[in-house]
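Everything below concerns the one structure shown next.
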Amino acid sequence: MKLLAARRRHPMALVVLLLVGLLLTGGAYSLFTGSTTASADEYSAADVEAGQKLFVTNCATCHGLNAEGSENGPSLIGVGAAAVDFQVSTGRMPLQMHGPQAQVKQAQFSEEEIAQMAGYVASLGPGPAVPDEEWLDTAEGDAAAGGGLFRTNCAMCHNVVGSGGALTRGKYAPNLTEVSEKHLYEAMQTGPQNMPIFNDANLSPEEKRDIITYVREVSETPSAGGFKLGSLGPVAEGLFIWFFGLAGVVGITMWLTARSK
């Protein structure tokens, strides 16, 4: 009986195991996300305060006074500085009008003001940070590897060369050829509109850089075959041949027939 009693687990053993599991899980999460997660520590208190004032004046109507969200806009707690930088820098926010998708337009705030708003949102909860320059340097990227990743993860919406395409219910995948490296990276980080989020567990910073390198290379490479026709592939090429090629054949046939008379 004494031996059986000695083998029984201590009442606190389960609690200790649970605490160890939580510590290991938290440590692993911090290890894999710490390099790309923004917090208020990266911004000065003055910037956060200024960003809060800008937010309350320009964003709170839809997103709530404390960014908690409302029926007109989602919560921004935990979206990170990268989401703010992407949405506001591209002019998507503030919204020009309600519709299936936010439209790109001229940014309505300066870079300093955008950074201040990003700092305020980052202070509300950890989220993706604005990427460092090293992950935007296409000279360090691998276009071949990026092409494979792009075709696997992005081409079904953005076309194989990033020309974009139509989605359902009036939505669309935008053309990527003129999007900046920073905004390409931030889009992968934050998943705007209908785009899925590619965090570092899905695509590492190096892989994101490879994708950006591929997009930049195909957008800057001239078409050796003539007209790109929007780089939309065989559908656009088939329609071109159908309308212009068939019209040409009919025209030549009519000309030859008229000469024989």
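What to note about this one:
- Heavy atoms of Ile77: accessible area, 1.4 Å probe, square angstrom to 10: 90
- Across the range 92-188, the relative contact order, built from alpha-carbon pairs under 8 Å that are at least six residues apart, equals 21 percent.
- Protection proxy ranking of 178-187, 132-141, 96-105 - average other beta-carbon atoms within 10 Å, highest first: 178-187, 132-141, 96-105
- Largest to smallest in accessible area, the residues Thr61, Thr253 fall in the order Thr61, Thr253 (1.4 Å probe, all protein chains included).
- What the Cα convex hull of the range 134-221 gives, in volume per residue, is 83 Å³.
The values are calculated or read from the model by the stated rules, or taken from the named source; none is laboratory data. Since the model is a prediction, treat every value here as computed from it, not as a measurement. Cβ coordinates were reconstructed from backbone atoms using ideal geometry, including for glycine residues, and neighbour counts include every protein chain displayed. Keep in mind that these areas ignore ligands, DNA and RNA; they rest on the heavy atoms of the full protein, side chains included. Shrake-Rupley method; radii C 1.70, N 1.55, O 1.52, S 1.80 Å.
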